[in-house]
Structure formats: C-alpha cells, structure tokens
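Only one structure is covered here, and it is reproduced in the block below.
Just so you know, all these numbers are worked out from the coordinates, no wet-lab data involved. The structure displayed is predicted, hence computed values, not measured ones. Don't worry about glycine lacking a Cβ; one is built from the backbone with ideal geometry, like all the others, and counts go over all protein chains shown.
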C-alpha cells in the first residue's frame, strides 16, 4: 500500500506541474494506478508472457510503449513481435540493451 500511495502522490505532483507521467514495469499495481498515470512503459512483457496485464491502459485509451531487446538481429522474430504487440495496441521499439543509440527499430511507421 505504501508503494501505491507514493506512486499516486508522484503522479499528482507531476500533473500539478503540467507533466505527463508513466508507470514503468509495475504490472502488479496497474489496476490500482492506471487512473493516475498517463501511459505505461514496459520492457519485455512478451518475453515473460505478461503483455495482457497492460491492457487496462489500452482500455483506458492510454498508450503503452513496449521495449524489446531480444530481436535486434532477428528480423523475422521482430516482425512476429510487431504483429503481436500491434494487435494489442502497443507501440513497440527494439533497442540495444546498452541503450547506446546504436539502433532503433520501431514497429510503428
């Protein structure tokens, strides 16, 4: 409960300052926090079969940004992932694990 209270407070502080705020990788508290956050960022939900847990954001009309690290060198795997996550309504990026800007593949044109 302390974490939910803190996250709710943090979202309120961001909104009071005119900022958008994202919930990142906090799948277990989505139901409690979706109303307070503007979008979600998740890393590798496809890898752990957890993407459906993010659907409350989509159902609330809020974006989900999904980050993939697995398919940098696998265009077929990346294409299959893109089909899957686009079907969920997610925006998916494949990025280098070091986040060094060496490449960026987007599933969305």
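By the count of neighbouring beta-carbon atoms within 10 Å, fewest first, 104, 86, 78 end up ordered 104, 86, 78.
Ranking 71, 6, 84 by Cβ neighbours within 10 Å, fewest first, what do you get?
Details: 71 18, 6 10, 84 15.
Ascending Cβ contact count within 10 Å gives the list 6, 84, 71.
Taking the longest Cα principal axis of the chain as reference, the axis of helix 2-16 is set at about 90 degrees. Relative to the longest principal axis of the Cα atoms of the chain, helix 75-88 runs at roughly 30 degrees.
Of 25, 42, 68, the residue with the greatest mean-square motion in the GNM of the chain, using alpha carbon springs below 10 Å, is 25.
According to the Kirkwood expression over distinct Cα-Cα pairs, how big is the hydrodynamic radius of the chain, in Å?
Working: mean 1/r = 0.0682 Å⁻¹.
Radius from the Kirkwood sum: 14.7 Å.
Got a sec? How would 8, 92, 85 order by Cβ neighbour count within 10 Å, fewest to most? Don't skip to the answer; put the middle values down first.
Numbers: 8 16, 92 25, 85 22.
By the 10 Å Cβ count, ascending, the order reads 8, 85, 92.
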